[in-house]
1. If you go through the range 37-55 one residue at a time, do you hit one that is open to solvent by less than 10 Å² (accessible area, probe 1.4 Å), more than 20 Å from ASP172 (Cα to Cα) and in a loop (DSSP other than H, G, I, E, B)?
2. Sort out which residues of the range 111-146 are out of contact with any strand residue (DSSP E or B) (no Cβ under 9 Å at 6 or more places or on another chain), hydroxyl-bearing (Ser, Thr, Tyr) and not in a loop (DSSP other than H, G, I, E, B), and write them in order of number.
3. GLN72 versus (1) farther than 21 Å from GLY144 by Cβ; (2) over 14 Å from the mean Cα position of the chain (by Cα): which is the lone unmet condition?
4. Please determine whether any residue of the range 106-118 is open to solvent by less than 10 Å² (accessible area, probe 1.4 Å), out of contact with any Ser or Thr (no Cβ under 9 Å at 6 or more places or on another chain) and in contact (Cβ under 8 Å) with a residue 12 or more places away in the chain.
5. If you check LEU81, LEU149, which single one turns out to be in contact (Cβ under 8 Å) with a residue 12 or more places away in the chain and open to solvent by 50 Å² or more (accessible area, probe 1.4 Å)?
6. Can you say whether PHE60 is more than 14 Å from LEU140 (Cβ to Cβ), at pLDDT below 95 and not in a helix (DSSP H, G or I), as far as the supplied structure shows?
7. Exactly one condition in (1) within 12 Å of the chain's Cα centre (by Cα); (2) within 19 Å of ASN165 (Cα to Cα) is not met by ARG150; state its number.
8. Does PHE60 meet the test of being open to solvent by 30 Å² or more (accessible area, probe 1.4 Å) and aromatic (Phe, Trp, Tyr)?
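The values are calculated or read from the model by the stated rules, or taken from the named source; none is laboratory data. None of these values were measured; they are calculated from a predicted model. For neighbour counting, all protein chains shown are included, and Cβ atoms are generated from backbone atoms with ideal geometry for every residue, glycine included. What goes into the accessible areas is simple: the full protein's heavy atoms, side chains included, and nothing from ligands, DNA or RNA. Shrake-Rupley method; radii C 1.70, N 1.55, O 1.52, S 1.80 Å.
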Amino acid sequence: MREQSARLKSSGLRFYAPSAYENSWYPHPFLEPVANNQPALVNAIEALRIQVAAIEAEGFSTGRIVLWGFSQGACLLSQFLLTEPAAYAAAILFTGGYLGRGDAVVPGDEPLKGVPILMRSIESDPWVPRWRVEQTARALLTSGADVDLRIDPGSEHIITEQSMNDASWILDQLPNQTESSGMKADSTNRHSKLSMNLEGDHPCL
């Protein structure tokens, strides 16, 4: 994802990239029962929780943090958003969905109300089926998020150029925010962005 960040056309973002142990957040296919990916999944969620807390400690509120990930990173973030929802600035999920079998457990009271979530995938992706991406979009919508979903034709496990352009656009819509943290309110501190770092060949499946 470090390489993918260079494809974004937005500026004024600070990137954070937590690394997965041996480049994998969990060991088994994401469509298997959640228990099959424990305790790795619990540890991965905790790693995200710690990273978010560290970013907040630097002076960024939750409402200034954008979550994004591709493949296994997007799967993990989908799970994170549904199990530990918060009012983030936005989320960008490239080819991913929540973990486990059956329907997602959707939190009540719309805790993601108003959070813009961009979801992009490929029709015949070899690792992530369209139906799970659509299930995830419905679960996030039920949680109150403003979901923008598009599934493009094809069979490659990629982030298309149009998807990156869409991500750049949503980032450019984020408002500038001046907070009482003592941070200089300029373009370099406009938003923090938590980027899932998944180097290596470890897609969701």
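1. Scanning the range 37-55 turns up no residue that is open to solvent by less than 10 Å² (accessible area, probe 1.4 Å), more than 20 Å from ASP172 (Cα to Cα) and in a loop (DSSP other than H, G, I, E, B).
2. If the condition is that a residue be out of contact with any strand residue (DSSP E or B) (no Cβ under 9 Å at 6 or more places or on another chain), hydroxyl-bearing (Ser, Thr, Tyr) and not in a loop (DSSP other than H, G, I, E, B), then THR142 is the only one that fits.
3. Status for GLN72: all satisfied but (2).
4. At the first step, the residues of the range 106-118 found to be open to solvent by less than 10 Å² (accessible area, probe 1.4 Å) are 112, 115, 117-118.
Of the ones still in play, those that are also out of contact with any Ser or Thr (no Cβ under 9 Å at 6 or more places or on another chain) are 117.
Subsequent filtering for residues that are in contact (Cβ under 8 Å) with a residue 12 or more places away in the chain retains 117.
Checking the range 106-118: at least one residue is open to solvent by less than 10 Å² (accessible area, probe 1.4 Å), out of contact with any Ser or Thr (no Cβ under 9 Å at 6 or more places or on another chain) and in contact (Cβ under 8 Å) with a residue 12 or more places away in the chain.
5. Values: LEU81 fails: open to solvent by 50 Å² or more (accessible area, probe 1.4 Å).
Of the residues listed, the single one that is in contact (Cβ under 8 Å) with a residue 12 or more places away in the chain and open to solvent by 50 Å² or more (accessible area, probe 1.4 Å) is LEU149.
6. Details: more than 14 Å from LEU140 (Cβ to Cβ): yes; at pLDDT below 95: yes; not in a helix (DSSP H, G or I): yes.
Yes.
7. Condition not satisfied by ARG150: (1).
8. Numbers: open to solvent by 30 Å² or more (accessible area, probe 1.4 Å): no; aromatic (Phe, Trp, Tyr): yes.
Answer is no for this residue.
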